Every structure is written in C-alpha cells, then in structure tokens.
1. Output the residues belonging to region 34-77 that are small (Gly, Ala, Ser), at pLDDT 75 or above and surrounded by fewer than 12 Cβ atoms within 10 Å (Cβ to Cβ).
2. Within region 108-118, is there a residue that is at pLDDT below 90, charged (D, E, K, R) and more than 24 Å from Phe216 (Cα to Cα)?
3. Assuming Pro206 fulfils every condition listed in (1) surrounded by 24 or more Cβ atoms within 10 Å (Cβ to Cβ); (2) modelled with pLDDT of 95 or more apart from one, which condition is it?
4. Is it the case that region 170-185 has a residue that's hydrophobic (A, V, I, L, M, F, W, C), more than 13 Å from the chain's Cα centre (by Cα) and closer than 15 Å to Ala149 by Cα?
5. How many residues does region 96-127 hold that are within 19 Å of the chain's Cα centre (by Cα) and surrounded by fewer than 21 Cβ atoms within 10 Å (Cβ to Cβ)?
Amino acid sequence: MRRILPPRRATPSATMAAEPMRAASLSARAAGAAGAAGAALALVAALGCTSVDAVIESAGDDAVLVEADLDPAELAARIDEIDALWREPRSVERVTASLDLAVRSVSSRNHHAAAWRAVRACAWLGRHHDEREARLEASARGIALGKAAVELSRAKRVRPHAARDAEPNYFLALAMGAYCEEKGTCDTSFVRAMHDRASAARMAEPGLDHCGPARFLGKLIVETADYPGYALGDLEDGVALLREALAACPDFPENALFLAEALIELGDDDEARALIERVLASRAPSDHSAEHGEWIARARELAGER
C-alpha cells in the first residue's frame, strides 16, 4: 500500500484539527502493498470528495457479476486458467485476460471462486497499468466488483469469518487503496471501509498474501494516526499490527520494510536499521518478484537517511 495520506507531521496544524482536512501536492514515499513507487498524493475531506458509493455507481455495467452456466469440470478448468494467467511474470495483458475470464466464470457451484479473482486482477491493474485513466477505471471496477464479491461470500456463509471471506475483503481493500492513491481525493468512507475490509480479511485468514491483512491495517493506521477525523488508532497500534505481520510471516520483505518505516516515525532507529538490513539481504518472493526491486530501493533510501 502506498501512502493514502500526505507525509506525516509531528503535530497536526490547528487548521487540520478544526476543519475538514485539506492537503495537496505533497510527495509520498514508496510503500506499496503492490510495491509501486511513491507519488504526489492528496487526501481532501471537503466538498467534491469521492465516496465509495459514487465510485461503485460510476463503474456501471462493468461491475455486474452474472452467474455462469458451467458444470463443475468447466469451472475447475476456468479457475486453473485464471490463476495461470495471474502467475508471474505478470503483465497488463495477462492480468487483463485473467480478469476477463474471471468475470465470465462466476458460479455458486464453486462458492463464486472467480469473483474475488476478478477483484484481485483489478487491484493489480489499478497500480500497474501504463495509463492513468486505465488505472482509475480498473481500481473503480475492483471496488464495485469487490463489494459484489463480498456480498456473494456472505450470502451462503456457514459461519462468521469463513475462510472464503478473506480474499474478497482483502482485494477490495487493495482496490480501494489503489483508487485513492491514483485519484488523489477520497473521503473518510474510503479510509473506514479499507479498515473494515482488511479487518474482516484478517479475522478470516490472517496469513493471506504473506500476512497482508495485518500489514495493510498496520500501514493504514500509521499513515492516518496524526489526522483528526481519519485516525484509526495511534502509531503504537499500527506498529503492533506490523509486528504481528512480521512475526507470522518473517520471510516477506515488505513486512520488515513497513515496520522499519513505522519505527523510524517512533524514533527507534536501532531496530529500524536492523530491519532495513534484513530487507536488503532478502530474496525476492516467487509471487512478488517485480515488487522486490522497489522494496530494495526504498530500503537503500532509508539506509541513506539513517
């Protein structure tokens, strides 16, 4: 997850505390759940902000999931092909093909397994497509499809926080993050919704995507900690979640990187330095090899600042 808020400040300004937050054209660090480079972002909680419901409405017919009339063998073959197109090395063309096949393969016969895979593809395209408008369209579609996928997972749920709830909630949170980063304007409904969706994923399957739900939540809380109206906890709350992710998934470099950044915010340079060295010495995960180079670059940047 890249920044969804402007760079943190030691003390929020009086204006930010008294009025809806407004901050524009502030550079963001590289820190992405998909490992993308930092970009100039603003989060504007004032008139003209985009709400979650408005984004879903804008997706139109592209967000409609239609039941596919496929037998179990055909469904299984489709899921295999969808996942094969998703595997690395990923490209816009291959992930788009995975998305297109996924939306044509949604069926209750396999618990709508293709639905969350469509959201996964949209979240990735929302960060990696070459064109900005295409990134916005993909992430907006991911939000709309993600909401539909979450509703489908709930419809026939046997128990609360069933494992199959994890993917639709998690990838919906990623799609929301991608949209906010690219758009530059989001309201509090996005921040709260991202928190709720990632929390649901963490309850259902905490180890998903190398402990991605806790990683996402920790980063989100760290980034919002100093902003009245947006804060979901304090820095220590975010650090606790990032420690959880690292403890449970110690070999995933982004977990160490995010914790290092948060510890720098707290002034714990010694532990942060050790974590930075850990990232620099890490090997690329087989399912995130493209992002690994960006994590290394960010770790080198942090090392140079220490």
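1. Result: Ala73, single match.
2. No, the conditions are met nowhere in region 108-118.
3. Pro206 satisfies all of (1) surrounded by 24 or more Cβ atoms within 10 Å (Cβ to Cβ); (2) modelled with pLDDT of 95 or more except (1).
4. The answer is no, given that none of the residues of region 170-185 is hydrophobic (A, V, I, L, M, F, W, C), more than 13 Å from the chain's Cα centre (by Cα) and closer than 15 Å to Ala149 by Cα.
5. Residues that pass the stated criteria total 1.
The values are calculated or read from the model by the stated rules, or taken from the named source; none is laboratory data. Only a predicted model underlies this, so the values are computations on that prediction, with no experimental measurement involved. Note that each Cβ is placed from the backbone with ideal geometry, even for glycine, and that neighbours are counted across all protein chains shown.
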